[in-house]
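Working notes for the structure below.
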Amino acid sequence: MTLVGSDGPAPPALAPAPVASVVDLRVHFRSKAGIVHAVDGVSFDIADGETLGLVGETGCGKSVTARSFLRLVPMPPGIQAGGSILFRPHRTCETCSGNGCAVCHESGRVPDACATCEGAGCETCAGSGYLTVDLLEIPEQDLRTIRGNRIAMIFQDPGKALNPALSIRDQLAEVFYQHRSAELLAAAAIDGEAGGPAGTLIRRKAALRSRLLEDALLSLPPLRARRNKLRAAADDRIVAALAETQIPNPRKVMDRYPHELSGGMRQRVMIAQALACDPDLLIADEPTTALDVTVQARILELVRELQSRHRTSVLYISHDLSLVRRVCDRVAVMYAGRIAEVAPAEQIFSDPSHPYTRGLLAAIPATSHERGRLVAISGTVPELINPTPACRFAGRCPFEAPVCRALEPEPKPTRDGHQVACFIHHPPRDAADGVPTFDRQVR
Amino acid sequence: MTAAGDTARPPRGSRDEVVLAVRDLGKYFPIREGALQKVVGHIKAVDGVSFDIAPGQTVGLVGESGCGKTTLGRCVAGLSEPTNGGVYFGLETATKERLDSLLSVTERTASQESELEQLDNRHRVDRMNGDAWRRYRRNCQVVFQESFASLNPRQLVKDIVGRPLRVHREASGSQLTERVVELLAQVGLGRQHLYRFPHQFSGGQRQRISIARALALDPELVILDEPTSALDVSVQAQILNLLHELQQERHLAYLFITHDLSVVRHMADRIVVMYVGRVAEAGPTEVIFDRPQHPYTEALLASSPDVDAHTVDLQALEGAIPDPALPPQGCRFHTRCAVATPTCGWEVDDVVRWLEDVEGTFDTLRGVTRMSPFDAWLSFEDEAAAASLAATLRSEAIPQAMRTALEELTVDARRVRVRFTPVDEVQLTVRGSEHVAACVLDRA
Ligand SMILES: Nc1ncnc2c1ncn2[C@@H]1O[C@H](COP(=O)(O)OP(=O)(O)OP(=O)(O)O)[C@@H](O)[C@H]1O
Ligand SMILES: Nc1ncnc2c1ncn2[C@@H]1O[C@H](COP(=O)(O)OP(=O)(O)O)[C@@H](O)[C@H]1O
Ligand code: SF4
Ligand code: SF4
Ligand SMILES: [Mg+2]
Ligand SMILES: [Mg+2]
Ligand SMILES: [Zn+2]
Ligand SMILES: [Zn+2]
């Protein structure tokens, strides 16, 4: 399967399809006490070009959800218990060369057409007509071409994600050699030229498949010139990628090692690495949690700016609601392995509809709160071991009613673009005796 | 709860007392290099900091990472010995005033010296005699951010919380257990938690255990170093409520260290803003938030997300935090300040920093011969590089304020002389009642 720049049929003029759809994702963990239902039926879409925020308390399953996109959850102890993550790889829109036009719905990118139905819409593409892959199903080899290329991820702790033994140049070079080797060879003007063993060696080097012995051969005179050209081509791209994150003097930074950089700089290197191949989807898992507010503000601004320039879709994970408000178009609130509420960012703050969302907002110290009067959510996050079908927030929810312990609420629309999983908004028809309302507070 | 078993102590919370007075505090860490580990310089983690904490008061300490908050907290707690100045504990207002007048004298007489020495022996934490030291150790406790690191993983909760009581011979046997249960109850835990290990608790619960331990000896002052930074908002809310409740009951004073401005705004009566080891601004919480006088405070406020805010815009503060081993001259914030003036401390290092940030130019610099921090010869690889630097220093690429401060710019073949107007370190000046700021601008 080729995912990049395939010459398939022209994209059909269909409605824009989400770049990714998580459908009923279930990831469990085996533990001594039983099966931990860490992610238990999570569904959401990430629209093309949008920034979706995913918020919730520690342990609610944000990182497991994020890591599932690239199959980075260790199995075992993890268990893929169901669901799918549909992903639609895009390419630059030919009509407008990425500037945005009517064909690409102003996004500058177009998805490839579905190979099965050629755009008519069938089961493989979930009716969208676009090339659609299930990230949980495709072979490991196909996933590798997507990882770092079409989907990139940045983590909370840049120190751990960067290899301490490699210079910044080598960290970034890896990405280009891995996903852009043809482009590098072309730039170094050694693509068509060399046949024979020399050409093979260079190509293996460019694709990062050369071995130690081959590297030694490449450093000898007949091949060295070509290798150096290749390096220069990679260097140019590395410098450009670093410069985009506003790192001062990228040519100098390139030769440093991760431990020689500040936390903010390391996070920039990670972002440069993530955006190097211009991915369709960037997953940022608490990228600023370890940083100062001042550095955090700069990183947020950077993500926002690069997002609008590259029109990348972003899944932005954080436990900090006030922060998510600054960068996201829509916000999904997660609680104990399930989605509690999804809404446009402003609505989450102006009209929080799930009791948990309301609790989270009330707990943030604000000027309106008297000291000592913060509204803490009582109780603690429930054990996720073999949960019974019930609302996960029951036991901590101030509005709980009997039905909340008997049935599990599903996310359903309350109004345009706003979904809530709570019986206050969607009372079940046959539970007249115990339907919760915001008027009746039980704790 | 009353302070069981402790009657010797004077009644707390009298208006006449400051719990703590920090005076011109400095803490320098040596930088060592080479095989002989020769000291080649000092990291001035804390450099000339002064403030007071009154009984029952919460003083918030804020600033960017590495500005010296934890180092200051450790000095106040007596865990680290100051290089300069001192931390004074248990002064009455009159004594404090006497101390300040003694400290302000540059050439002290013999009698003044001996008076100061007596004060030091009784009140200065690193000079205290035995009794005063014991009293201080009981009365000043610390709660750290990383409750995991500060709680012994092999000890039971009963031993962790009971340890200070045992060490100070306050209780033993079943009486000790009862005291521990009482303390746990105060932080929302119970008897059922006595025989558990730290790892069997959540982050919020571990922080409660740390707080219970800190309260065991009924202190007057608790230093809280980022007590909720590792916690979720909902748990943070519980801990902040708890801290407030305990403060009301026991008339505790807090030194609350945090980088979270919404937390400090909620908790603190007064705020001290630190920047690269020094106090940039200090004042009552509302004043700091509503009418900040220091551009750094403003920048900090503007970069902090706030749920109350109606705008979604964050203003990012550009530039890197300066190296505390080589703090900038004049005002330490001048390298990042958007409203810097010609008298803010422009110096040779600003030229060097600028060369470092611009692609390719730093490599052409061969050496710097300094006559002073404000005056130096820079030598370059060739004449063209020297000429190009000189041209740039005259151009718009350089802030107007810096150009104005540049008194001399001479090109001599491959060398360039830059000389700026020398200025002194910018000092704190009074901006209002209990409000000081260290900035040359007066924007009242
Ligand atoms: N033991 C030490 N030896 C050398 N340098 C130190 C030592 N402890 C701290 N420093 C330096 O002193 C400065 C202040 O550090 P400190 O830990 O007080 O910062 P902080 O304000 O608490 O930062 P953060 O918000 O990251 O906790 C930093 O530059 C730090 O690297
Ligand atoms: N490798 C693992 N082994 C066992 N349990 C795990 C593993 N990774 C995550 N979990 C569990 O899954 C749940 C969700 O974790 P995570 O997604 O990391 O939460 P967060 O929302 O804080 O990112 C937690 O209960 C956690 O303990
Ligand atoms: S009202 Fe019921 S369904 Fe809604 S959040 Fe509370 S417990 Fe869950
Ligand atoms: S003294 Fe004031 S104006 Fe000058 S650099 Fe410092 S903060 Fe800015
Ligand atoms: Mg996580
Ligand atoms: Mg610290
Ligand atoms: Zn287009
Ligand atoms: Zn199809």
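No value in this document is a laboratory result; all are computed from the given coordinates. All values reported here derive from a predicted model rather than from experimental measurement. FYI the Cβ positions are ideal-geometry reconstructions off the backbone, even for glycines, and counts take in every protein chain you see.
In debye, nearest 20: dipole of the protein assembly as shown around its Cα centre with unit charges on the Cβ of K, R (+) and D, E (-)?
Values: 99 positive and 111 negative charges, 490 e Å.
Roughly 2360 debye, rounded to the nearest 20.
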Practice task
Multiply the residue gap between A:N386 and A:E106 by 0.36 nm, knock off their C-alpha separation, and tell me the result in nm, one decimal place.
Solution key: 96.2 nm
Practice task
Starting from the Cα of B:A320, step 7 Å toward the Cβ, then list every residue of region B:337-379 with an amide N under 14 Å from that point.
Solution key: B:350, B:352-359, B:362
Fill in the blank from the handout: Note on region B:348-420: contact order normalised by length, alpha-carbon pairs under 8 Å, 6 or more apart, percent, works out to 32
Exercise for the section: Taking only the C-alpha atoms, wrap a convex hull around region B:11-105 and report its volume per residue in Å³ as a whole number. Expected result: 113
Problem - Under 20 Å from A:K160, Cα to Cα: lysines that are on another chain or at least 8 residues apart - result: A:K62
Handout entry: Per-selection Kirkwood Rh - chain A (Cα, Å, 1 d.p.)
Key = 23.9
Exercise for the section: Taking the Cβ of each residue in A:H426, A:H90, B:H199 as the centre, tally the other Cβ atoms inside 10 Å and list the residues starting with the fewest. Expected result: B:H199, A:H426, A:H90
Handout entry: Distance between modelled label sites at B:S114 and A:S262, nm, 7 Å Cα→Cβ extension
Key = 5.1
Handout entry: Evaluated over region B:325-444, the Cα radius of gyration and Dmax, each in Å
Key = 15.8, 56
Practice task
Would you order A:S318, B:S65, A:S308, A:S353 from fewest to most other beta-carbon atoms within 10 Å of each residue's own beta-carbon?
Solution key: A:S308, B:S65, A:S353, A:S318
Exercise for the section: Restricting things to alpha carbons, tell me how big region B:146-217 is in terms of Rg and Dmax, in Å. Expected result: 10.8, 30
Problem - Cysteines (scope chain A) whose Cβ has no counterpart Cys Cβ under 4.7 Å - result: A:C60, A:C277, A:C328, A:C397, A:C422
Completion exercise
Note: B:224-231 gets an average of partner chain Cβ contacts (10 Å, Cβ to Cβ) equal to 1
Problem - Inverse mean reciprocal Cα-Cα distance (Kirkwood Rh) of region B:14-267, Å - result: 19.6
Handout entry: Inter-label distance, nm, simple model (7 Å from Cα along the C-beta direction), A:E137/B:V39
Key = 6.9
Exercise for the section: Report relative contact order for chain B in percent, whole number only (criteria: Cα-Cα under 8 Å, sequence separation at least 6). Expected result: 15
Exercise for the section: Quick one: check the C-alpha center-to-center distance for region B:331-382 versus region B:103-182, whole angstrom. Expected result: 46
Practice task
Give the cross-link partners of B:K44 among the aspartates and glutamates, using a straight C-alpha distance below 12 Å as the criterion and excluding same-chain residues fewer than 8 apart.
Solution key: B:D323
Handout entry: Least to most buried among B:Y195, A:Y335 (fewest other Cβ within 10 Å first)
Key = B:Y195, A:Y335
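For chain B, give the magnitude of the charge dipole about the Cα centre (Cβ charges: +1 Lys/Arg, -1 Asp/Glu; no others), in debye to the nearest 20.
Rounded to the nearest 20 debye, it is 1860 debye.
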Exercise for the section: Pull up the cross-link candidates among the lysines for B:K38, meaning alpha carbon to alpha carbon under 24 Å and not fewer than 8 places away within one chain. Expected result: B:K27
Practice task
Please report, in cubic angstrom per residue, the volume enclosed by the convex hull of the alpha-carbon atoms of region B:374-422.
Solution key: 57
Completion exercise
Filtering GluC sites (Glu not before Pro) in region B:56-98 by DSSP loop and by at most 13 other Cβ atoms within 10 Å leaves none
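Under the definition of partner shielding as Cβ atoms of other protein chains within 10 Å of a residue Cβ, what is the mean value for peptide B:237-248?
Values: counts 12, 6, 2, 8, 8, 2, 2, 5, 1, 1, 2, 2.
What the average comes to for B:237-248 is 4.
What average number of partner chain Cβ atoms lie no more than 10 Å from the Cβ of the residues making up A:320-331?
3
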Problem - Spin-label model distance (nm) - A:L166 vs B:R127, 7 Å beyond Cα toward Cβ - result: 5.7
Completion exercise
Longest principal axis of chain B (C-alpha) makes with the long axis of helix B:348-357 (C-alpha) an angle, in degrees to the nearest 10, of 90
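If packing is taken as the mean number of other Cβ atoms within 10 Å per residue, what is the order of A:172-180, B:402-410, A:263-271, highest first?
Listed from highest to lowest mean packing, they are A:263-271, A:172-180, B:402-410.
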Fill in the blank from the handout: Using the Cα gyration tensor of chain B, the equivalent ellipsoid's semi-axes, largest first and to the nearest Å, work out to 46, 25, 21
Exercise for the section: Pairs of Cα atoms under 8 Å, at least six residues apart: use those to get the relative contact order of region B:14-267, whole percent. Expected result: 24
Problem - Rg ratio (alpha-carbon, reference 2.2 N^0.38 Å) - the protein assembly as shown - result: 1.07
Fill in the blank from the handout: Per the charge dipole of the protein assembly as shown (beta-carbon charges, Lys/Arg positive, Asp/Glu negative, Cα centre), the residue among A:N249, B:T83, B:S65 reaching farthest to the positive end is B:T83
Practice task
Using only Cα atoms, tell me the angle between helix B:93-104 and the longest principal axis of chain B; keep it within 0 to 90° and round to the nearest 10.
Solution key: 30
Problem - P(r) weight above 12 Å for region B:108-148, C-alpha pairs, percent - result: 65
